[in-house]
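Encoded as structure tokens, the structure appears first; notes follow it.
What follows is calculated from the coordinates using simple rules that are stated; it is not laboratory data. Small disclaimer: the values here were computed from a predicted structure and weren't measured. All Cβ positions, even for glycine, are placed from backbone atoms using ideal geometry, and neighbour counts span all protein chains on display.
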Amino acid sequence: MTGDGPAGTSRIGVVGCGKISEVYLRTMVETPGLEVTAVADLDPARAREAAGLCPGCRAEPVEDLLVAADVDIVVNLTVPAAHAEVSAAALRAGKHVYTEKPLALDAATGREVMALAASRSLRVGAAPDTVAGTGTQTARAIIDRGGIGTPVAATAFMASHGPESWHPRPHFYYQPGGGPLLDMGPYYLSALVHLLGPITRVTGVARRGASEREVGSGPDTGTRVPVEIDTHVAGLLEHDSGALTTLVTSFEAWASRLPRIEVYGTEGSLSAPDPNRFDGTVEIFTPASPEWTVVPATAGFVGAARGVGVADLARSLTAPAEPVASGELGQHVLEVMDGLLRSAHTGTGVDIPPISGRPPAVALLPAAAAAGHHGEPSGARSTGDLG
Ligand SMILES: NC(=O)c1ccc[n+]([C@@H]2O[C@H](COP(=O)([O-])OP(=O)(O)OC[C@H]3O[C@@H](n4cnc5c(N)ncnc54)[C@H](O)[C@@H]3O)[C@@H](O)[C@H]2O)c1
């Protein structure tokens, strides 16, 4: 099944209408080739509110959406603990799936989801799609044209104090499937795989600070959230290419001046922007021009926002190309995160199952091209301080 609706459109059903659903819905409503037909949430009021953002779509119970004849792709924006269950139910109903990160709570469950999709010849796309933007893709293009010689090593740092100050329901961030690694790691690890290729082996250390966090916004302000996950995870990643990455993800940093991603090559250094955003400043330093120089965008979707990965998945249903934010990459990233946490708790390195190679690079294109429609750029949109 291709999942194509009338006139080549892909019909979208969204499950999970919380905080991040608004930006997805806006993107998908504006993208030629996508039509949001239905939305669902365990909380019907949230589903009704979301339906108000997409003209012509209906709010309905989750079980009805999953089997609806006018849904080709289920976009799974539920909390991490529900990702695998909702994705599997959608696949069993014959729908392609685009899921928020992480793909599942652990690698073994993720493998089951991917095997189910393969057994039904259905596609899975997985967030983050930010790495398809001009920031990571321009950095990748510099590496691919030999701009810093052979990449030898990289550093990747995500240091914050967690999302409870701004997210009204921060509980899932402190439960299995959350934490700095499973919540924010997918941005950094997906970017690192785009930049340096697949990861073959990991070694990790981890710990947690306070046993509770305080909700800082919304109706639950002032209530306490139990911390069930490690809040500081550091690791070493060995890439198939030979490059070595040092990774730190932390919800323990009240403030930090660490860079996001740097790559050190035999002929120069590269500074890549925040992989939680689509664009950002890319800089290069070489001995021939020994000062940091900004490199203009040369690759990636221009003016993209969350949801561009859904459009790219829809395009891939009728084209031979893999989606940029593919399930294979999402599962690889999950294997790496699961491996880092296992390593942290056993004290030994963990081998990561091989994948077919690097995800496809994205040429400099307007975001609308993700769905196969080469329109004008829709203009840069702020993605806010999202996680
Ligand atoms: N909030 C952000 O800034 C942000 C940014 C990027 C990615 N994400 C990711 O998006 C996902 C959702 O995050 P959020 O911030 O929107 O969370 P949220 O808590 O605001 O919303 C999640 C919604 O999913 C619904 N839900 C939970 N289980 C369900 C199920 N089984 N069936 C149907 N609905 C179900 C909840 O009722 C809720 O409305 C997470 O995986 C998160 O990591 C969030």
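The protection proxy used here, the mean number of other Cβ atoms lying within 10 Å of each residue, ranks peptides 162-171, 211-220, 302-311, 315-324 as follows, highest first: 302-311, 162-171, 315-324, 211-220. If one computes the Cα centroid of the range 15-39 and of the range 138-175, what distance in Å separates the two points? One Cα centre to the other: 25 Å. When peptides 327-340, 267-280 are sorted by average Cβ neighbour count within 10 Å, with the highest value leading, the order is 327-340, 267-280. Its Kirkwood hydrodynamic radius, worked out from the mean inverse distance over all distinct Cα pairs, puts the range 1-93 at 12.9 Å.
Remark: the range 28-39, residue by residue, has Karplus-estimated 3J(HN,Hα) of 5, 5, 7, 8, x, x, 10, 9, 7, 9, 8, 9 Hz, where x stands for each Gly or Pro and the curve is 6.51 cos²θ - 1.76 cosθ + 1.60 at θ = phi - 60°.
Evaluated at q = 0.07, 0.08, 0.10 Å⁻¹, the base-10 log of the normalised Debye intensity for the chain, with identical point scatterers placed on the Cα atoms, takes the values -0.29, -0.38, -0.61.
Volume per residue of the convex hull around the Cα atoms, evaluated for the range 131-300, comes out as 111 Å³. Counted over the chain, the DSSP beta bridges are approximately 60% antiparallel.
Annotation: cysteines of the chain without a disulfide-compatible partner (Cβ-Cβ under 4.7 angstrom) are Cys17.
Bridge orientation summary for the range 131-300: considering DSSP beta bridges with both residues in this region, about 85 percent are antiparallel. Arranged from fewest to most other beta-carbon atoms within 10 Å of their beta carbon, Asp240, Asp72, Asp129 become Asp240, Asp72, Asp129. Ellipticity at 222 nm from helices only: DSSP H runs of n ≥ 4 in the chain, each -39500 (n - 2.57), divided by the residue count, give -8000 deg cm²/dmol. Karplus-derived 3J(HN,Hα) values for the range 158-171, using 6.51 cos²θ - 1.76 cosθ + 1.60 with θ = phi - 60°, are 10, 10, 9, 10, x, x, 5, 6, 10, 8, x, 10, x, 4 Hz; glycine and proline are entered as x. Using the average count of surrounding beta-carbon atoms within 10 Å as a protection proxy, the listed peptides 97-108, 55-66, 19-30 rank, highest first, as 97-108, 19-30, 55-66.
Global dimensions of the range 1-156 from alpha-carbon coordinates: Rg and Dmax equal 17.3, 54 Å.
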